[in-house]
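Input: a single structure, listed below in structure tokens.
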Amino acid sequence: MRLDEATSRARLAAARHAHLATTGADAQPHVVPVTFALLGDDLVTAVDQKPKTTPRLRRLANIAENPHVAVLADRYDDDWTRLWWVRADGTAHLEHDGPAFDAALAALADRYPQYRDDPPRGPVVRVRVERWTGWAFAG
């Protein structure tokens, strides 16, 4: 069954992680797992200190080339009556400092204890959510 916007938002807010999908000028999809927080109509995530293959992250380059992104959270269970997914589509931009950057880091630290002593150094990806879509096997 299709989920309404409020239910989709609530399920995403309760999810512990999600996947960020981007595409750049080459139109090749790129999906990465992310930690995130909701701030009003925005979803925020940040580049943290976990080891990366390169400091030149494709998700950041893609957002610079094409700011349209999707964030997906889901629940899988072998009992398929418990399945659900939620997608937030929106426009992303990068923040490197300032009050909005600080507010995003504070929201992430509130949500993830691992960030309290070692907050992400950024940049922050701020997604202005323009459309919520969701589905669940059962309400």
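What angle do you read, to the nearest 10 degrees and between 0 and 90, between the alpha-carbon axis of helix 99-111 and the longest principal axis of the chain?
For 99-111 against the chain, the angle is about 50 degrees.
Tell me, Kirkwood radius of segment 5-136 from alpha-carbon pair distances, in Å?
15.2 Å
Would you tally the net charge around ALA92, using a Cβ to Cβ cut-off of less than 12 Å, leaving ALA92 out, and scoring K and R as +1, D and E as -1?
-2
Out of segment 1-70, which trypsin sites (Lys or Arg not before Pro) are coil in DSSP terms and have no more than 13 other C-beta atoms within 10 Å?
ARG16, LYS52, ARG56
So what is the 222 nm mean residue ellipticity for the chain from helices alone, if each DSSP H run of at least 4 adds -39500 (n - 2.57) and you divide by all residues, rounding to the nearest 500 deg cm²/dmol?
My calculation for the chain gives -7000 deg cm²/dmol from helical runs alone.
DSSP loop (so not H, G, I, E, B), at most 13 other Cβ within 10 Å: list which chymotrypsin sites (Phe, Trp or Tyr not before Pro) in segment 66-139 pass both filters.
Answer in residue order: TYR76, PHE137.
Please give the contour-minus-distance gain from ASP4 to ALA138: 0.36 nm per residue of separation, less the Cα-Cα distance, rounded to one decimal in nm.
Using 0.36 nm per residue and subtracting the Cα-Cα distance, I get 47.0 nm.
Coordinate-derived values only; no laboratory data. The structure displayed is predicted, hence computed values, not measured ones. As a convention, Cβ positions derive from the backbone with ideal geometry for all residues, glycine included, and neighbour counts pool all protein chains shown.
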